[in-house]
Amino acid sequence: MIAVARFTTDVDVVDIVRRISAAYPGTATVSDDYYRDRIASAEALATEIGYDQNSRPLQCLRDVASRVGLQYHLRIPLTRNTWVDARIDGKGALVTGDGGIPDSLRIKLLDLLAAIPATIDTD
């Protein structure tokens with residue numbers, strides 16, 4: 001499953017995370033600031049291998065982070081044994097999961113995102 005939601009209005013990312021968590025008890029926050037964590041990890045790796053902290057790949061990552069802003073990474077339980085990963089920011093959401101997830105499990109989450117409002121593209 002891959003779904004991309006593009007929000008069509010300004011949104012409160014924290015409110016969206018709250019809505020998803022209320023609709024899906026057991027939702028886990030993998031990161032409350034995806035790019036902060038990704039940059040820290042990339043910088044640590046660069047230091048470990050002696051790579052320049054001002055290298056183009058690291059600067060590109062920082063540039064993307066500044067354009068995207070705050071992005072949450074969630075792990076959302078659709079059932080006890082079926083989860084999807086979602087990255088959500090002020091512009092939209094990317095939801096990924098096992099290709100075998102039936103529509104009956106996807107619909108509730110996609111409807112929740114569409115109500116924000118958002119346009120939804122799915123695989």
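Within the range 69-123, being assigned to a strand (DSSP E or B) and of a type in the set (K, R) holds for R75, R87.
Listed here are the residues, each with its yes/no results for (1) closer than 22 Å to T119 by Cβ; (2) modelled with pLDDT of 95 or more.
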site	(1), (2)
C60	no, yes
A65	no, yes
L74	yes, yes
N81	no, no
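State whether the residues of the range 14-25 include one that is in the same structural domain as D111 (by TED's automatic domain parsing), in a loop (DSSP other than H, G, I, E, B) and out of contact with any Leu (no Cβ under 6 Å at 6 or more places or on another chain). Yes, because at least one residue in the range 14-25 is in the same structural domain as D111 (by TED's automatic domain parsing), in a loop (DSSP other than H, G, I, E, B) and out of contact with any Leu (no Cβ under 6 Å at 6 or more places or on another chain).
With the condition kept exactly as written, say whether any residue in the range 69-76 is exposed (fewer than 12 other Cβ atoms within 10 Å of the Cβ), on the phi < 0 side of the Ramachandran plot and either free of Cβ contacts under 8 Å to residues at least 40 places away in the same chain or in the same structural domain as V95 (by TED's automatic domain parsing) (or both).
Scanning the range 69-76, I find no residue that is exposed (fewer than 12 other Cβ atoms within 10 Å of the Cβ), on the phi < 0 side of the Ramachandran plot and either free of Cβ contacts under 8 Å to residues at least 40 places away in the same chain or in the same structural domain as V95 (by TED's automatic domain parsing) (or both), so the answer is no.
When I39 is tested against (1) part of a strand (DSSP E or B); (2) farther than 22 Å from V95 by Cβ, just one condition goes unmet, and that condition is (1).
Here is a list: D103, D98, D15. Which entry is acidic (D, E), in contact (Cβ under 8 Å) with a residue 60 or more places away in the chain and exposed (fewer than 15 other Cβ atoms within 10 Å of the Cβ)? Write out each step before concluding.
Numbers: D103 fails: in contact (Cβ under 8 Å) with a residue 60 or more places away in the chain; D15 fails: in contact (Cβ under 8 Å) with a residue 60 or more places away in the chain.
The match here is D98.
Of the residues A86, A115, A93, the single one that is without any contact (Cβ under 8 Å) to a residue 24 or more places away in the chain and under 20 Å from S21 (Cα atoms) is A115.
Residue-by-condition table, conditions (1) over 30 Å from R106 (Cβ atoms); (2) of a type outside the set (K, R); (3) within 13 Å of the chain's Cα centre (by Cα); (4) modelled with pLDDT of 95 or more:
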{"residue": "S21", "(1), (2), (3), (4)": "no, yes, no, yes"}
{"residue": "R38", "(1), (2), (3), (4)": "no, no, yes, yes"}
{"residue": "Y51", "(1), (2), (3), (4)": "yes, yes, no, no"}
{"residue": "N54", "(1), (2), (3), (4)": "yes, yes, no, no"}
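The values are calculated or read from the model by the stated rules, or taken from the named source; none is laboratory data. Given the structure is predicted, the values throughout are model-derived calculations rather than measurements. Please note: Cβ atoms are built from the backbone with ideal geometry, for glycine as well, and neighbour counts cover all protein chains shown.
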